[in-house]
Amino acid sequence: MKSSNNDKKPNGPLFNGGVFCAFVRKNKPHHIESADVKGFSNVWQKASVCWVDYVVENFNREAKGAAAYLGFSESLLNSLLKNKRSGYEDLKTEMGILLPAITAKGFDVKLTPVLILIKENIIVTLHTKEISRFFRIRRYAETFMRKLPTRLLKQDKITLLLIRLIDENNSRNFEHLLEIEEQGDKLSEILSDSSTSRDIIGKQIHKMKHALITYLGGLWATVDALNSVRYGDADLLTDDPHIINRVTALVTEVNSHIGLAEHLSEVLASGLEVLQSIYNNQLQILNNRLALLVSYLTIIGTALLVPNTIATVLSGPMFHMESDDIGWYIPLLVISTVVSTFIAWYAVRKMGLLPKNPDAR
């Protein structure tokens, strides 16, 4: 599994954002790049197959306008964008797929939409700048299109290109599970420190749980979209079973990563159970120590009660205590204190109120 750092936008040619277009004309692949989409309309009209990667600043504000400029209907965009995570819409002459692109920084996992639009001989990927995963395909777009057999039907070529784009999106999504695992390992190190505040532990565990739930939600949404492609029987896509089987392979791969994420979730759950056991043991130790303290206080209180009572009684006017009585008065108090202390300790020990091992778990 590759590091999620590969999802960062690289520098150099073909990676300046804006609009990138790779196409095949007269069996020769070409590519052009521009800051906007103006002037591209003649390119895909004369191409046998074309891929346009359109980067927008604000997806919600610019997606509909960009798609309309590329010749896609507003009804198609409205049907797709009403979905939160993934969507599929086939209008016979045009179709669209909404896929989640997963991005992660630590436990901050987000699902960002990637819009894939298909019409005749053109595929358009529309996304924001933070989804830079298609920039790597830009470098190899001409090579990929050169390898497409010329004997293939237009639907076959479009489907193969679609599968390649979805596979790239999936691969980058999978990379972020490693980042969640690495953050989970750091969290386990924090949990192993008994001095760590419970407030910090609780927040971090919640963040990891939320990250896994969001990640799994993105993968399940991807499976839903892929199943729609596999069983949708769209006119714009191929009917070749060998090519369709590649979509099935994508679904299988996503399902396997769902299993990995669920396993990580189970590991987290088991870790929480262990942590709860540790806390329970710590509370038991604290309870034992408090019980020991109460027992000692009981012994001390009882021991002091007897000589205090004797001193109170003898200080009354009826006994007429004088300084000459100090010789027997002090030994009486000392002996009564010792005897009462022993009796109190024996009674507490006999009743089992004195823990033998305050650190027992």
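The values are calculated or read from the model by the stated rules, or taken from the named source; none is laboratory data. These numbers were taken from a predicted model, which means no experiment stands behind them. Ideal geometry is used to build each Cβ from the backbone, glycine not excepted, and the neighbour counts take in all protein chains shown.
Mind counting the residues in the range 121-141 that are over 18 Å from ASP36 (Cα atoms) and surrounded by 16 or more Cβ atoms within 10 Å (Cβ to Cβ)?
Initially, the range 121-141 is screened for residues over 18 Å from ASP36 (Cα atoms), giving 121, 133, 136-137, 139-141.
If we keep only those that are surrounded by 16 or more Cβ atoms within 10 Å (Cβ to Cβ) too, we end up with 121, 133, 136-137, 141.
Adding up the residues that qualify gives 5.
When you go through ALA344, ALA311 one by one, which is the residue that is out of contact with any Lys or Arg (no Cβ under 8 Å at 6 or more places or on another chain), part of a helix (DSSP H, G or I), at pLDDT 75 or above and surrounded by 12 or more Cβ atoms within 10 Å (Cβ to Cβ)? Criteria check complete, one pass: ALA311. Please enumerate the residues belonging to the range 64-104 that are without any contact (Cβ under 8 Å) to a residue 12 or more places away in the chain and either outside any helix (DSSP H, G or I) or within 24 Å of the chain's Cα centre (by Cα) (or both). Within the range 64-104, LYS82, LYS84 meet the criteria. The number of residues in the range 222-233 that are buried (at least 21 other Cβ atoms within 10 Å of the Cβ) and either more than 13 Å from LEU250 (Cβ to Cβ) or of a type in the set (Phe, Trp, Tyr) (or both) comes to 0. When ILE243, ILE258, ILE201 are screened for being in a helix (DSSP H, G or I) and at pLDDT below 90, only ILE201 passes.
Entry remark, the range 46-68: residues being closer than 17 Å to ASN121 by Cα and touching a strand residue (DSSP E or B) at 6+ places or on another chain (Cβ under 9 Å) number 10 in total. Does at least one position in the range 175-194 carry a residue that is surrounded by fewer than 20 Cβ atoms within 10 Å (Cβ to Cβ), modelled with pLDDT of 90 or more, part of a helix (DSSP H, G or I) and among the acidic types (Asp, Glu)? Scanning the range 175-194 turns up no residue that is surrounded by fewer than 20 Cβ atoms within 10 Å (Cβ to Cβ), modelled with pLDDT of 90 or more, part of a helix (DSSP H, G or I) and among the acidic types (Asp, Glu). Against the test of being touching a strand residue (DSSP E or B) at 6+ places or on another chain (Cβ under 6 Å), at pLDDT below 90 and not aliphatic (A, V, I, L, M), the options LYS157, LYS129, LYS147 yield a single qualifying residue, LYS129. Look at (1) modelled with pLDDT under 90; (2) within 21 Å of HIS30 (Cβ to Cβ) and you find that VAL124 fails only one, number (1). Based on what the data block shows, is LEU115 at pLDDT 90 or above, outside any helix (DSSP H, G or I), of a type in the set (A, V, I, L, M, F, W, C) and in the same structural domain as ASP53 (by TED's automatic domain parsing)? When the stated conditions are applied, LEU115 passes them.
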